[in-house]
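One structure below.
The values are calculated or read from the model by the stated rules, or taken from the named source; none is laboratory data. Every value quoted in this text rests on a predicted model; they were computed, and no experiment measured them. Note that each Cβ is placed from the backbone with ideal geometry, even for glycine, and that neighbours are counted across all protein chains shown.
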Amino acid sequence: MQLNQPAQALFASAAAGHTLLQATHVPQLNDLLTQALAAGAPADRQLQINGQPHHAYVALAGTAGEYGAVLLMHDLTELERLGRARRDFVANISHELRTPITSIRLIADTMRHMPDLDSQRQHSLLGKIVSETEALGQLSGELLDLAQIESGRMLPKFELVAVHDLLAIVQQRLHAQASGKTLRIQIEASPALRVRTDPLLLERTLVNLLHNAVKFTPAGGSITLLARVEEPQLVLGVIDSGSGIAPLELLRIFERFYRGDPARSKGGTGLGLAIAKHAVELLGGKIWAESSGVPGAGAAFYIKLPFP
Ligand code: ADP
């Protein structure tokens with residue numbers, strides 16, 4: 001019996017001269033081989049090897065009585081993980097859709113059965129429908145972004161970008177929301193700084209981070225948009241004085257649909273940071289978050305991009 005390198009890694013105790021059973025200690029593989037030889041036809045089955053799911057396939061060569069057999073093993077761990085991830089994803093989306101759809105239906109029902117509602121109450125119910133449809137719109141928009149980025153169809157268009165100008169655009173995009181909460185957003189970046197990147201993708205990512213910073217920072221707080229060079233990289237930061245992130249949460253916030261507890265009452269899909277991570281990777285960089293976890297000590301999100 002001969003084993004190629006991956007098979008040797010899989011069956012570490014296998015040696016030349018061993019029978020299949022001696023080499024693998026997996027009786028089901030031996031049964032599969034016996035079955036194929038007896039039938040004179042290929043055979044296959046799924047089984048666990050070293051606790052991992054595998055597909056085993058026996059192919060035969062030669063003529064009856066003098067068959068040689070090739071055993072092909074295919075590790076299914078990644079395939080199973082992907083299947084699970086897809087099922088979780090669908091379950092998460094259904095869950096996210098259910099809440100706004102249910103409340104819109106309830107409100108519509110209330111309004112239908114109570115045609116004499118006073119106009120103030122009507123106004124407030126219609127306002128709820130608007131915010132629920134906004135949540136649905138945000139979810140579908142973010143799902144589309146995620147799908148596009150993950151499919152590889154979104155190709156970054158690199159050009160030389162003035163960093164300070166880009167940060168100013170990002171600051172401007174959240175201006176209304178920030179002043180509504182009396183938050184101060186300041187920029188710390190040299191006006192001369194330029195980086196080769198995709199301006200739109202980077203702008204969307206920074207808007208996303210700043211949006212979170214505004215959301216999680218109480219009124220009167222401050223947020224810094226920062227850029228500094230650490231050759232051969234450019235570091236961009238969105239640093240807030242908000243609620244901060246607990247150490248255990250820091251490990252999970254970039255997962256799709258992950259939302260910290262206080263966030264549940266603040267809306268949001270839990271997709272923003274997953275999209276940001278993909279986008280930054282498309283730009284050849286990396287993203288991470290830092291926070292002491294002390295409420296009020298704030299959170300800092302950093303992006304490192306190749307520079308210049
Ligand atoms: P969401 O739509 O909930 O904002 P994100 O993917 O953008 O989804 O963020 C995931 C979670 O990370 C949030 O629910 C929140 O718990 C945490 N988070 C993100 N940014 C901040 C921040 N600046 N301060 C505190 N927590 C944050």
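Filtering region 50-78 to residues that are in contact with a strand residue (DSSP E or B) (Cβ under 8 Å, 6 or more places away or on another chain), free of Cβ contacts under 8 Å to residues at least 24 places away in the same chain and farther than 18 Å from Asn4 by Cβ leaves only Gly62. One residue stands out in region 269-289 among those that are buried (at least 21 other Cβ atoms within 10 Å of the Cβ) and within 9 Å of the ligand (Cβ to nearest atom): the one that is modelled with the lowest pLDDT, namely Thr269. Taking residues in region 228-254 that are within 20 Å of Leu167 (Cβ to Cβ), and partners anywhere that are in a helix (DSSP H, G or I) and within 12 Å of the ligand (Cβ to nearest atom), the pairs with Cβ atoms closer than 7 Å and at least 6 places apart or on different chains are Val238/Leu209; Val238/Leu210; Val238/Ala213; Asp240/Ala213; Asp240/Phe216; Gly242/Ala213; Gly242/Phe216.
Identify, from the list Leu201, Leu206, Leu234, the residue that is at pLDDT 95 or above, away from the ligand (no atom under 16 Å from the Cβ), not in a loop (DSSP other than H, G, I, E, B) and not charged (D, E, K, R).
Leu234
Just one of the listed residues (Ser190, Ser243, Ser179, Ser151) is away from the ligand (no atom under 16 Å from the Cβ), hydroxyl-bearing (Ser, Thr, Tyr) and in contact with a helix residue (DSSP H, G or I) (Cβ under 9 Å, 6 or more places away or on another chain), and it is Ser190. Taken together, the residues in region 154-170 that are over 18 Å from Gly272 (Cβ atoms) and either touching a helix residue (DSSP H, G or I) at 6+ places or on another chain (Cβ under 8 Å) or modelled with pLDDT under 95 (or both) amount to 8. Going by the conditions given, is Arg228 surrounded by fewer than 16 Cβ atoms within 10 Å (Cβ to Cβ) and under 26 Å from Pro199 (Cα atoms)? So Arg228 fits the description; yes. The selection criterion, being under 20 Å from the mean Cα position of the chain (by Cα), among the polar types (S, T, N, Q) and either part of a loop (DSSP other than H, G, I, E, B) or more than 27 Å from Ser179 (Cβ to Cβ) (or both), holds for Thr269.
Can Val214 be described as of a type in the set (A, V, I, L, M) and either part of a helix (DSSP H, G or I) or without any contact (Cβ under 8 Å) to a residue 12 or more places away in the chain (or both)? Break it down into steps so the answer makes sense when it comes.
Details: of a type in the set (A, V, I, L, M): yes; either part of a helix (DSSP H, G or I) or without any contact (Cβ under 8 Å) to a residue 12 or more places away in the chain (or both): yes.
Considered against the rule, which asks whether it is of a type in the set (A, V, I, L, M) and either part of a helix (DSSP H, G or I) or without any contact (Cβ under 8 Å) to a residue 12 or more places away in the chain (or both), Val214 comes out as yes.
The single condition among (1) charged (D, E, K, R); (2) within 11 Å of the ligand (Cβ to nearest atom); (3) in contact (Cβ under 8 Å) with a residue 60 or more places away in the chain that Asp261 does not satisfy is (3). Quick one: in region 94-115, of everything that is charged (D, E, K, R) and under 27 Å from the mean Cα position of the chain (by Cα), which residue is farthest from Gly268 (Cα to Cα)? Among those that are charged (D, E, K, R) and under 27 Å from the mean Cα position of the chain (by Cα), it is Arg98. Return yes or no: is Leu125 aliphatic (A, V, I, L, M) and more than 24 Å from Gly272 (Cα to Cα)? Yes.
Which residues, counting only those in region 1-21, are polar (S, T, N, Q) and assigned to a loop (DSSP other than H, G, I, E, B)?
Listed by number, the residues that qualify are Gln2, Asn4, Ser13, Thr19.
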